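Let me begin by presenting the structure, written as structure tokens, before commenting on it.
The values are calculated or read from the model by the stated rules, or taken from the named source; none is laboratory data. Note that the structure is predicted; figures quoted are calculated from it, not measured. All Cβ positions, glycine included, derive from the backbone under ideal geometry; neighbour counts span all protein chains shown. These accessible areas exclude ligands, DNA and RNA; they are computed on the full protein's heavy atoms, side chains included. Shrake-Rupley method; radii C 1.70, N 1.55, O 1.52, S 1.80 Å.
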Amino acid sequence: MSLDVSPQLLAEAENGKVREEDFVDTVRTSLPYAYDLVARLTGELRSGTAEFADNQTPPPSEKERGQLLRALSSDAIRGSLERHFGVALAFQNCHRVAVFQPEARTGETYARFTSLRAQILNQSPEFRDC
């Protein structure tokens with residue numbers, strides 16, 4: 001299961017309206033590694049001058065890797081994180097997450113990071129089963 005949904009959030013969903021703040025809080029508490037990684041990268045992006053900030057360090061365990069994969073493979077979770085932090089996320093392998101300014105989606109650096117070539121160059125045998 002990806003998220004630990006509270007009875008309150010479940011009731012909101014059953015009534016048809018979910019507050020995004022409540023959903024993001026559920027993501028924060030259910031997938032703390034993924035949430036904290038995006039928060040850290042967002043801080044690095046905002047405090048620096050680079051066009052993006054990325055993580056190249058593998059998660060400490062499969063538990064954290066699973067959190068990251070669940071967060072980035074869900075359109076709802078990924079979109080909520082992007083809106084909450086005001087960034088565009090890009091993902092290349094089991095742990096290489098990057099944050100860009102939202103307007104960068106139309107730029108050359110974002111296109112290069114998310115290209116087929118970049119994906120191929122970021123492969124290695126240890127990522128086969130992640």
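Placing R0 at 25 angstrom, the Cβ-Cβ distance between S6 and D36 gives a FRET efficiency of 0.80 after rounding to 0.05. Across the range 3-111, the mean sequence separation of Cα contacts (distance under 8 Å, 6 or more residues apart), normalised by length, yields a relative contact order of 26 percent. Ligands, DNA and RNA left out, the accessible area of the range 1-74 computed with a 1.4 Å probe is 51% carbon and sulfur.
With the convex hull of its Cα atoms as the shape, the chain has an orientation-averaged projected area of 8.7 nm². Accessible surface calculations at 1.4 Å, restricted to protein heavy atoms, place the range 54-93 at 46 Å² per residue. Considering only alpha-carbon pairs that sit under 8 angstrom and 6 or more positions apart, the relative contact order computed for the range 46-101 is 47 percent. The label-point distance for E82 and E62, in a model that sets each label 7 Å from Cα toward Cβ, rounds to 3.1 nm.
Considering only trypsin sites (Lys or Arg not before Pro) in DSSP loops that have at most 14 other Cβ atoms within 10 Å, the longest stretch of the chain without any of them is 20-127.
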